[in-house]
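Beneath this line is the structure, given in structure tokens, with notes to follow.
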Protein chains: 2
Amino acid sequence: MRVLIVGAEGTVGGAAASALRHHEIVKAGRSSGDVRVDLADAASIGAMFEKLGRVDAVVACAGHVHFGPLATMNGEQFMKGLSNKLMGQVNLVLIGKDHVYDHGSFTLTSGVLDRDPIRQGANAATVNAALSGFVLSAAIEMPRGIRINVVSPGLLEASAKKYDGLFPGHEPVSSKRVGLTYVKGVDGALTGKVITVG
Amino acid sequence: MRVLIVGAEGTVGGAAASALRHHEIVKAGRSSGDVRVDLADAASIGAMFEKLGRVDAVVACAGHVHFGPLATMNGEQFMKGLSNKLMGQVNLVLIGKDHVYDHGSFTLTSGVLDRDPIRQGANAATVNAALSGFVLSAAIEMPRGIRINVVSPGLLEASAKKYDGLFPGHEPVSSKRVGLTYVKGVDGALTGKVITVG
């Protein structure tokens, strides 16, 4: 299969790319990869697919949210996650679905914070939950047997140091286990599901 | 208690107002009510609370989403639900939390489509799920014992004719049953919960 991975140079994207190496991988990123794309810009997504042609599977491991205390969070900060991690992945599907082969798939990425919340994580929890609702509903309308799921990984071992103290009691999950969930999304038969790990 | 209901003139808001009539109700709306507010405008939310002073409970029953086939949905249409129903209620909480008495509450409104999806409902499902993630996470950071929940009502009997054919097999729920869930939110002790009905 020809598998497009957006955000392949990130921690999660790298785990996905490694686990999916039995496929032909096309890496996309904002500043690196085989092809450049800015998920915050719908025109950039369209241009990427025009350049690439059709793929069998799209894997999205990109997107930022706002971390910060609810006490001082404002609407502009909150919009960051909606515009970036949420709308970026939604636009990738809305635009990309016409560039995916019959019976292909989308595998998006959310995260643990809508099922195991932490302080400062309200924006992340909202975006993660939104992605769950999106794939559940989009799955029943996807054309030509195309599937759509979202992987919800816990805190990765490789990111634990960066987030030290922010995730009290969370058990970090290995990149290998996270990678396997993308194999489930790409090579499996699920649709409309949240695939949790960690 | 002094209970602010935003969107009190709508079908769901009316059900909430009727069920909460044992309290002092302040009705807010875009074009009617005791006080005017446009949830899409953060300044308007701030002005409303400055005018009103403190309340014990805030109930939100307002917000629009985009309904339409996924096949032709674009990012601008998708943003409608994020900007309006989602960010409107989020901003009501971010701004309003400083105007709610200790041990007060917020009760937001989502809907059935993230747990029982229909065609054309991807934007609604996303927004509803987002609101679930938001209250789950915001609940652990709310100050001064303030609670926050979201009511997820099914298709109301009073709206069934308007949506005829769009919700195949959905069992409409009475306004009385929907109203009771807002009593659970305001007079109960739950926090961080999705209160489903129908």
Q. So how strong a dipole does the protein assembly as shown carry about its Cα centre when Lys and Arg Cβ are +1 and Asp and Glu Cβ are -1, to the nearest 20 debye?
A. 280
Q. Mind checking the mean number of beta-carbon atoms from other chains within 10 Å of the Cβ atoms in A:112-125?
A. 5
Q. Which angle between 0 and 90 degrees, to the nearest 10, do you get for helix B:175-187 versus the longest principal axis of chain B when only C-alpha atoms count?
A. 40
Q.
Between 0 and 90 degrees, rounded to the nearest ten: what's the tilt of helix A:122-138 against the longest Cα principal axis of chain A?
A. 30
**Q.** Gap separating the Cα centres of the stretch B:55-121 and the stretch B:171-198, nearest whole Å
**A.** 16
Q. What is the list of residues in the stretch A:139-157 whose amide nitrogen lies under 20 Å from a point 7 angstrom out from the Cα of residue A:32, following Cα to Cβ?
A. A:156-157
**Q.** Whole-Hz ³J(HN,Hα) from phi, Karplus 6.51 cos²θ - 1.76 cosθ + 1.60, for the stretch B:23-32, glycine and proline x
**A.** 9, 7, 9, 10, 9, 10, x, 6, 9, 7
Q. Residues with amide H under 5 Å of residue A:151's amide H, sequence separation 5 or more or different chain, H placed in the peptide plane at 1.01 Å from N; which?
A. A:108, A:109, A:110, A:195
**Q.** Cβ-based net charge around residue B:55, under 13 Å, with every Lys or Arg adding one and every Asp or Glu removing one
**A.** -1
(Q) Give me a comma-separated list of calculated 3J(HN,Hα) values for the stretch B:80-86, in order, Karplus coefficients 6.51, -1.76, 1.60 applied at θ = phi - 60°, integers in Hz, x for any Gly or Pro. (A) 3, x, 5, 6, 9, 5, 7
Q.
Given axes a ≥ b ≥ c from the Cα gyration tensor, I'd like to know whether the stretch B:1-40 is rounded (a/c under 1.5), prolate (a/b larger than b/c) or oblate.
A. oblate
Q: Starting from the coordinates of the alpha-carbon atoms of chain A, obtain the Kirkwood hydrodynamic radius over all distinct pairs and give the value in Å to one decimal.
A: 16.6
Q: Would you mind listing the distances between the residue B:51 label point and the same position in each other copy? Use 7 Å along Cα-to-C-beta, nm, one decimal, shortest first.
A: 5.1
Q: Indicate the gyration tensor shape class of the stretch B:1-77 (rounded, prolate or oblate), computed on the Cα atoms with a ≥ b ≥ c the square roots of the eigenvalues: a/c under 1.5 is rounded; otherwise a/b larger than b/c is prolate and the rest oblate.
A: oblate
**Q.** Cβ-based net charge around residue A:36, under 15 Å, with every Lys or Arg adding one and every Asp or Glu removing one
**A.** -2
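No lab work stands behind these numbers, since they all come straight from the coordinates. What you see is a predicted model; the values in this text were computed from it and never measured. Because the Cβ atoms are built from the backbone with ideal geometry, glycine has one as well, and the counts that use them run over all protein chains shown.
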